[in-house]
1. Mind listing the long-range amide H neighbours of Ile79? Cut-off is under 5 Å, sequence gap 5 or more, other chains count too, H placed in the peptide plane at 1.01 Å from N.
2. Give me log10 I(q)/I(0) at q = 0.09, 0.11, 0.18 Å⁻¹ for the chain, Debye formula, one equal scatterer per alpha-carbon, no solvent.
3. Connecting C-alpha atoms closer than 10 Å in a GNM of the chain, tell me which of Val36, Val156, Val88 has the biggest fluctuation.
4. Tell me, what is the per residue accessible area of the chain in Å², probe radius 1.4 Å?
5. Sorted by accessible area (1.4 Å probe), largest first, how do Ile152, Ile119 line up?
6. Work out which GluC sites (Glu not before Pro) in the chain are exposed loop sites (DSSP not H, G, I, E or B, at most 16 other Cβ within 10 Å) and give the longest gap free of them.
7. Just to verify a number: FRET efficiency for Asp141 and Ser33, C-beta to C-beta distance, R0 = 45 Å, to 0.05?
8. Percent of accessible area on the range 107-234 owned by carbon and sulfur, 1.4 Å probe?
Amino acid sequence: MDNKATIWAIVPAAGIGTRMQADKPKQYLALGSGTVLSHSLQRLASHPAISGIIVALAEHDPWWPTIEQNYPCPIITTIGGSTRADSVLYGLQTLATQTEDAWALVHDAARPCLRHSDIDKMLSILLPHPVGGILGMPVSDTMKRVNVDGTIINTVSRDGLWRAATPQLFRATALQQALISAKEKGQQVTDEASAMELSGHQPLMVAGHADNIKITLPQDLALAEHYLQQQEKV
Ligand code: C5P
């Protein structure tokens, strides 16, 4: 393992999260003793391998100053973009002003239940890997392709199908190049791995815990709170 690796987290937190139907973006909704975002940041900041965190925020974000600001590692904010990929790209550009040759651990602001053991597992598997990779879970449901009126077209084999989650861990410069290349070619990417794939790399999938949920719908908050309480008991 590359024991001397410098690892910074990049947290895209510039989204609006319209599916929550809330008066503020989902990362600022209350969760336990804090907010979704403060839990996500705390999980990253308290991991000993993480040197610092870059958080990409929406321009004129009025909520950021209202949440917890004390974390056990440096936190640097930057302005995000109109897509998640742009927010990550601007985060990487900010990271380049801080350190050279770092690994970027990109993690959604909306995934507050990330376990340290999953970060440990990623680091031990991916730091020796030539490309890097992502945390995910194998698909367990039967998968259907459905048309716009809800009619089932067919059943899709779930063999080899995984759900992509975050963190996603890549060398910062390679990821920055891949995101720039995708942007220049007009290719839409919804995660970092897809940008790397489009640049010809072959990232690795690492099996993570299913409780690393992304807050998307209102009912996800109660589930996240339950998972956080369960994790405290372990
Ligand atoms: O909307 P979705 O759940 O896919 O967003 C995933 C993450 O990307 C969230 O943490 C969100 O705040 C972030 N995001 C961003 N900039 C955007 C859109 C989403 O940082 N323009």
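1. Sorted by chain and number, the residues that satisfy this are Leu57.
2. Debye output, listed in q order: -0.37, -0.56, -1.50.
3. Result: Val156 has the largest fluctuation of those listed.
4. So the chain comes to 51 Å² accessible per residue, rounded to a whole number.
5. Ile152, Ile119
6. 101-234
7. Step by step, r from the Cβ atoms, then E = 0.85.
8. Of all accessible area on the range 107-234, carbon and sulfur atoms account for 52 percent.
The values are calculated or read from the model by the stated rules, or taken from the named source; none is laboratory data. As the structure is a computational prediction, the values presented were derived from the model and not from experiment. Cβ atoms come from the backbone with ideal geometry, glycine included; neighbour counts cover every protein chain shown. For the accessible areas, the whole protein counts, side chains as well, though only heavy atoms, and no ligand, DNA or RNA atoms are used. Shrake-Rupley method; radii C 1.70, N 1.55, O 1.52, S 1.80 Å.
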